[in-house]
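Step one of this worksheet: look at the structure below.
The values are calculated or read from the model by the stated rules, or taken from the named source; none is laboratory data. Computed from a prediction, not measured in an experiment: that's the story for all the values here. In this analysis, Cβ positions are derived from the backbone assuming ideal geometry, glycine residues included, and neighbour counts consider all displayed protein chains. With ligands, DNA and RNA removed, areas are computed over all heavy atoms of the protein, side chains included. Shrake-Rupley method; radii C 1.70, N 1.55, O 1.52, S 1.80 Å.
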Amino acid sequence: MIIAIRKSFKSNTYKIFLWLVILALAGVFSIPQLIRDMHTSDWIAQINGSKVSYAEFIFRARSQEARIQMLRQQYGQLADMLLQSLGASADPRIFALESLIRDELLIQVARSMKLRVSPAFVTEKLASPLFIQQELSDLVPMFVLDPYHGINTQALRAYLQRMRISMSDFERKVDQVLERRTLLDILDGALYIPDFVVKERYQEEYLAKSYSLLHFNFGNYRTKAQQAPVGDEQLKEFFEQKNNASKQYWMPEQRAGKIWEFGTGSYGVAVDEDIITSYYHEHKKSEFLEEGPQVQIRHILLKADHDTSMQSVYEKAQKLRAELVNSPAIFAEKAREVSQDEATAQQGGLMPFFSRGTHHKALDRAAFLLQNDGDISEVIVTDAGAEIIQRVSKKSATYKPLKSVYKDIEKKLKSKKFKEQFAQEAQKAVSGELSVDQLVKKTAGSARDIALVSRDDSSAHNKALFKIKQQGDYGFYVDGDKGYLIQLVTLTKPYLPSFESLKDVISQDYYQEKASELLQQDMERAKELAKTDDIAQLAKKFSAPLKTPSAIKKSDAEEVARLQKEGLPVDAMFSISAQGDIAEAKVDLDGFIIRLDAIAPFDNDEFAHEKDKLKKQLQSEYRRLLGAGFVASLSRNATIKVNESLLTTAK
C-alpha cells in the first residue's frame with residue numbers, strides 16, 4: 001500500500017513531510033489551525049480550533065460500548081485486562097474522546113501537508129472486505145459487504161439513509177480514515193530494526209545465563225540490631241522524628257454510625273410479565289447468547305522462509321486464488337497438493353468448526369466475512385504465511401430460551417425498579433422531607449450500629465459514612481440489590497497517642513529501621529568486594545548464603561515462575577546483560593547481591609530459526625511506541641479544549 005502511495009507523491013513534498021515527522025517527534029511541531037465545517041453547534045472537543053461534534057462522540061462511544069460488551073461476552077473478567085494490554089480505556093466515553101482527539105490531530109497533520117488520497121486509491125481500498133473490516137468497521141456494517149467486491153453500494157445507501165448519514169459525509173469520513181492510515185504507514189515505513197538489535201533480543205530471551213546470588217536475610221539483621229539496647233530517650237527522639245516527618249504514629253479520624261438496610265422484598269417491588277418478555281427480546285443478542293456463531297473452513301497455507309520471501313509467496317497465492325475462484329470445487333484437491341499446513345493438508349485443508357477469536361485475527365475476520373458456503377477469501381497474510389480459505393459451513397448463534405432466564409430477568413428488573421424507588425425516598429430522608437422513622441416503618445428497614453472505623457477501611461458503608469459532612473446527618477447508597485441509609489453518630493478527630501501507650505510498637509519500628517540500615521551497609525560493601533573477591537568467600541564473610549540456581553533462559557516461563565516462587569529476584573537477574581556485572585535487589589525485606597557468571601554461547605542455528613519471530617515482536621513493540629510517541633508529541637504542542645459539561649452528562 002505504502003509503495004503505491006509514495007509513487008503518487010511529488011518528491012519534494014514527501015521529503016518535507018518526513019522532516020516534519022522528525023520535528024514533531026522532537027517536540028517542536030506546530031499545527032496550523034484548520035477549521036472544519038460542522039453540522040451541529042454542540043462540540044465535545046476543540047483541537048487547534050477545529051471542533052469535534054458531540055454527535056460524533058456519541059456515535060464513537062456507542063460503537064466502543066458494543067465492542068466492550070462483545071469482549072466481555074467472549075472473555076468474561078479477562079476483557080478488562082485485554083483492554084488494558086491494548087492501552088484502551090474500559091470507559092467507552094474516555095476511549096471515544098481520546099480516539100477522536102488522536103484522529104483529529106493526525107488529520108490536521110495530513111491536511112497541513114496537502115496529503116490527499118486519489119479516487120483510484122479510495123476505490124481500490126473499498127473493494128477490499130478485509131480493509132473495510134479493519135479500518136471502517138465504525139462506518140460500514142458487515143451486512144453491506146460483498147466477500148469479493150467490497151461494499152454493496154445499494155445496501156450501503158439504504159443503511160446510510162436509515163442512519164441519516166449523507167453520502168458526502170460518508171465519503172469525507174472514508175477520505176479521513178485513508179489519510180490517517182497513509183500518514184501512519186509513512187511513519188511506519190521509516191521504522192528500521194537493525195540486526196544487532198534482533199541479536200540483542202535473542203541473547204536476552206534465549207541464551208541461558210548462570211548467576212551467583214548472596215542472600216542477606218533480614219531476620220538475622222533484626223536479631224543483630226536488637227543486641228544493642230535502646231533507652232527511652234532514643235525511642236522518644238525516634239518517635240518525634242517519625243511524627244514530624246510523616247505523622248507516622250498519629251491516630252486517624254474515626255467515625256461510628258447507624259445503618260438501615262432495605263431490600264426488594266420489603267419494598268414489594270413487582271414487574272409485569274410483558275416487561276420481562278420485552279426485555280428478553282431487546283437484550284437477547286447482548287445478554288443471552290448460549291453459543292456464538294461458528295464457521296468451518298478449508299484452508300491452504302503457503303509459508304515464507306529464509307529462501308522464499310513473503311512477496312513471492314503472496315504472488316504465488318494470488319495466482320492460486322484466481323484458479324480457485326474459477327473452479328471452487330477443486331479447493332480440497334489443491335489443499336492436498338500444495339498446502340504446507342501438515343495438520344490439515346491431507347484432509348483437504350479442512351479445519352474443525354471454530355468461534356470468533358480462535359485463530360489469527362486476519363483469518364478469523366476473513367472466515368466470518370464469507371457470506372456463502374463455497375465462497376473463497378482474498379489472500380490473507382498471517383504469522384504462518386499466506387493463506388486462502390474457503391467456507392464449508394456456518395452455524396448460527398444460539399440463545400438461551402426465555403424460560404431458562406425468566407427468573408434472572410425478573411430479579412434484575414425488580415432490583416432496578418427498587419434502586420430507583422429507594423434512591424428517591426432515601427433522598428427525601430436525607431433532605432428532611434421524609435423522616436427516617438417514616439421510611440423505616442413504611443419499608444420495614446432493619447437497623448444495626450457501625451463501630452468506630454477509620455478512612456482506610458474500604459467497605460461500602462465506610463465510604464458512605466466518610467462522605468457525610470456533619471455529625472447527625474444522613475447519607476445513602478445502593479450496593480447490589482440492597483439499599484442503605486446511613487447516619488453519622490460519632491466523629492473523633494485525629495490525635496497523637498502518648499509515647500507510653502505506643503512504646504512497644506515504637507521499639508519494634510526502631511529495631512526494624514536499624515536492621516534495614518545494617519543490611520544495606522553490608523550489601524553495599526559486598527557489592528563492591530564482589531567485583532574482585534571470590535563470591536564463596538564473601539558468603540562466609542557476610543554470613544549470606546550463596547545461591548547458584550541452574551542456568552536459566554528468560555524464555556523459559558515455567559522455570560522463571562519456579563524461581564520467583566522461591567523468592568529470588570528474577571527481574572533483577574535478567575536486567576544484567578554483561579558477564580561479570582553485579583546488581584543488587586530486594587525481595588520483601590531480604591536483600592540480594594547478584595552476579596552474572598556465564599552466558600551460553602551464541603547459537604547461530606537457533607537464532608536463524610527465531611530471527612523472524614523476534615523481528616516481528618520488535619517491530620510490533622517499536623511501531624506501537626513510535627505511533628504513541630508521535631501522537632503524544634502532537635498533543636503536547638496542540639491547543640485542546642474539552643467540553644467537560646457534555647462529557648459528564650454523556651450516557
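The table for this structure:
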item: Charge dipole (debye, nearest 20) of the chain; +1 at Cβ of Lys and Arg, -1 at Cβ of Asp and Glu; result: 1800 debye
item: Per residue, the convex hull volume that the Cα atoms of the range 164-295 enclose (Å³); result: 597 Å³
item: Among 561-573, 256-268, the order from most to least packed when residues are scored by Cβ within 10 Å on average; result: 256-268, 561-573
item: Whole-Hz ³J(HN,Hα) from phi, Karplus 6.51 cos²θ - 1.76 cosθ + 1.60, for the range 172-189, glycine and proline x; result: 4, 5, 4, 4, 5, 4, 5, 5, 5, 4, 5, 4, 5, 5, 5, 4, 5, x
item: Prolate/oblate/rounded label for the range 405-562 (Cα gyration tensor, a/c 1.5); result: oblate
item: Distance between the range 196-210 and the range 500-558 - C-alpha centres, whole angstrom; result: 29 Å
item: Partner aspartates and glutamates for Lys463 [C-alpha distance under 17 Å; skip if fewer than 8 residues away on the same chain]; result: Glu253, Glu261, Asp449, Asp473, Asp479
item: Gyration tensor verdict on the range 205-260 (Cα atoms; rounded if a/c is under 1.5, prolate if a/b is larger than b/c, oblate otherwise); result: oblate
item: Amide N of the range 374-401 lying under 19 Å from the label point, which is placed 7 angstrom from the Cα of Ser355 along Cα→Cβ; result: 393-401
item: Per residue, in Å², the accessible surface of the range 425-550 once ligands and nucleic acids are set aside, probe 1.4 Å; result: 61 Å²
item: 3J(HN,Hα) from dihedral phi, the range 424-438, Karplus parametrisation 6.51/-1.76/1.60, rounded to Hz, x for glycine, proline; result: 5, 6, 5, 4, 5, 5, 5, 7, x, 5, 10, 6, 4, 4, 5
item: Net charge dipole size for the range 161-268 [Lys, Arg +1 and Asp, Glu -1 on Cβ; Debye, nearest 20]; result: 400 debye
item: The range 162-229 - percent of accessible surface contributed by carbon and sulfur, probe 1.4 Å; result: 48 percent
item: Bins of 5 Å from zero: percent of alpha-carbon pairs in the range 555-602; result: 5, 19, 27, 25, 19, 4, 1, 0
item: Relative intensity, log₁₀ I(q)/I(0), of the chain from a Debye sum that treats every alpha carbon as a point, q = 0.09 Å⁻¹; result: -1.19
item: Summed residue charge, Cβ within 14 Å of Tyr484's Cβ, Lys/Arg positive, Asp/Glu negative; result: +1
item: Relative pair counts by distance (%), Cα atoms of the range 520-651, 5 Å bins; result: 2, 7, 12, 13, 13, 10, 9, 8, 8, 7, 4, 4, 2, 1
item: Interchain or long-range residues, amide H under 5 Å from Trp43's placed H; result: Tyr54
item: Solvent-accessible area, 1.4 Å probe, carbon plus sulfur percent, for the range 539-618; result: 47 percent
item: For the range 529-543, Karplus couplings with θ = phi - 60° (6.51, -1.76, 1.60), whole Hz, Gly/Pro x; result: 5, 5, 5, 10, 8, 5, 5, 5, 5, 5, 4, 5, 4, 9, 6
item: Over the chain, relative contact order from alpha-carbon pairs under 8 Å, at least 6 apart, %; result: 23 percent
item: Stokes-Einstein translational diffusion, the range 519-587 - Kirkwood Rh over all Cα pairs, 0.692 mPa s, 37 °C, in µm²/s; result: 246 µm²/s
